[in-house]
Amino acid sequence: MAKQTTDPNYKVIAENRRARFDYAIEDDIECGIILTGSEVKSLRENTSNIAESYAAVENGELWLVNSYIAPYDRAMFSHEERRRRKLLVSRRELARLWNDTQRKGMTIVPLVMYFNHRGKVKLKVGIAKGKKNHDKRESEAKRDWNRQKQRLLKESH
C-alpha cells in the first residue's frame, strides 16, 4: 500500500504574492489567529484576501489589520469583514517583533494564510524591509535573466 505524500488537511487560503516584490523578507514566523465560527466557515470556502493587510504590535499584542474575510451567508451571527484579528505568538517572538519594528524600522507583512495539517488556520508573517524602486527593478531583471537562462539551457539540450 502506497503512503500518501500530500497532507489532505493542508490548504492555502490566501497568499500575498506582492509582498515578496515590495519587501525584502528577512525572516518569517508562523502564528495562530483568533477567528469566529463564521470566519472559519468562510475560509473553508476560500474567500479571503491578505494583500492589503499588515500586522502591528500594539499594547503587548500582535494584531492583523485590514485583512478581508468574506461574510458567510448561512451564518446566524455574521462577522465584520475587515475587523482587526489578534495573532498568537510566543512572548519571545512578540518581543523580537516589537524590537524589529520599533528600533530597526522593519515591517510585519502577512505572507500566506493556510490550514495546517491539523486543520487549524495559521498565518505566516514576514519581518521585512521595504524595497526601493531600484531594488525592485534589479530583482525583476534578475528574475528575467534566470528565465532567459533556463530557456537557453532548455533549447541547447
Practice problem: Return the pairs, sorted by first residue and then second, in which the second residue is of a type in the set (Gly, Ala, Ser), the first residue lies in the range 103-117 and is open to solvent by 20 Å² or more (accessible area, probe 1.4 Å), the beta carbons are less than 6 Å apart, and the residues are 6+ apart or on different chains. | Solution: 107/128
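When you go through 114, 72 one by one, which is the residue that is of a type in the set (Phe, Trp, Tyr), touching a strand residue (DSSP E or B) at 6+ places or on another chain (Cβ under 7 Å) and not in a helix (DSSP H, G or I)? Give the steps one after another, and end with the answer.
Values: 72 fails: touching a strand residue (DSSP E or B) at 6+ places or on another chain (Cβ under 7 Å).
Checking each option against the conditions leaves just 114.
Can you confirm whether the range 82-97 contains a residue that is within 21 Å of residue 119 (Cβ to Cβ), touching a residue at least 40 places away in the same chain (Cβ under 8 Å) and in contact with a Pro (Cβ under 8 Å, 6 or more places away or on another chain)?
Just the residues of the range 82-97 that are within 21 Å of residue 119 (Cβ to Cβ), to begin with: 85-89.
From what is left, the residues that are touching a residue at least 40 places away in the same chain (Cβ under 8 Å) are 85-89.
Then keep just the ones that are in contact with a Pro (Cβ under 8 Å, 6 or more places away or on another chain); that gives none.
No, the range 82-97 has no match at all.
Identify all residues within the range 118-142 that are of a type in the set (A, V, I, L, M, F, W, C) and either closer than 30 Å to residue 42 by Cα or open to solvent by less than 20 Å² (accessible area, probe 1.4 Å) (or both); write none if there are none.
Step one: list which residues in the range 118-142 are of a type in the set (A, V, I, L, M, F, W, C), which gives 121, 123, 125, 127-128, 141.
The answer is 121, 123, 125, 127, 128.
How about the range 4-68: which strands (runs of 3 or more DSSP E) wholly inside it have at least 2 residues that are closer than 22 Å to residue 136 by Cα, among the aliphatic types (A, V, I, L, M) and open to solvent by 20 Å² or more (accessible area, probe 1.4 Å)?
On the way: elements: 11-15, 23-33, 54-58, 61-65.
Where strands (runs of 3 or more DSSP E) fall fully within the range 4-68 and carry at least 2 residues being closer than 22 Å to residue 136 by Cα, among the aliphatic types (A, V, I, L, M) and open to solvent by 20 Å² or more (accessible area, probe 1.4 Å), they are 23-33.
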Quiz prompt | Residue ID - surrounded by the fewest Cβ atoms within 10 Å (Cβ to Cβ), chosen from residues in the range 75-92 that are hydrophobic (A, V, I, L, M, F, W, C) and assigned to a strand (DSSP E or B) | solution = 88
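Within 28 Å of residue 7 (Cβ to Cβ) and either out of contact with any Cys (no Cβ under 8 Å at 6 or more places or on another chain) or of a type in the set (Val, Ile, Thr) (or both), is that true of residue 77? Give the steps one after another, and end with the answer.
Details: within 28 Å of residue 7 (Cβ to Cβ): no; either out of contact with any Cys (no Cβ under 8 Å at 6 or more places or on another chain) or of a type in the set (Val, Ile, Thr) (or both): yes.
No, not satisfied.
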Quiz prompt | Condition met for residue 65 (of a type in the set (Val, Ile, Thr) and closer than 15 Å to residue 34 by Cα) | solution = yes
Quiz prompt | Given (1) open to solvent by less than 70 Å² (accessible area, probe 1.4 Å); (2) among the hydroxyl-bearing types (Ser, Thr, Tyr); (3) out of contact with any His (no Cβ under 9 Å at 6 or more places or on another chain), index of the condition residue 72 fails | solution = (3)
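The values are calculated or read from the model by the stated rules, or taken from the named source; none is laboratory data. Keep in mind the model is a prediction, meaning the values are calculated, not measured. Every residue, glycine as well, gets a Cβ built from its backbone with ideal geometry; the counts of neighbours run over all protein chains shown. Surface areas here come from the heavy atoms of the whole protein model, side chains and all, with no ligands, DNA or RNA. Shrake-Rupley method; radii C 1.70, N 1.55, O 1.52, S 1.80 Å.
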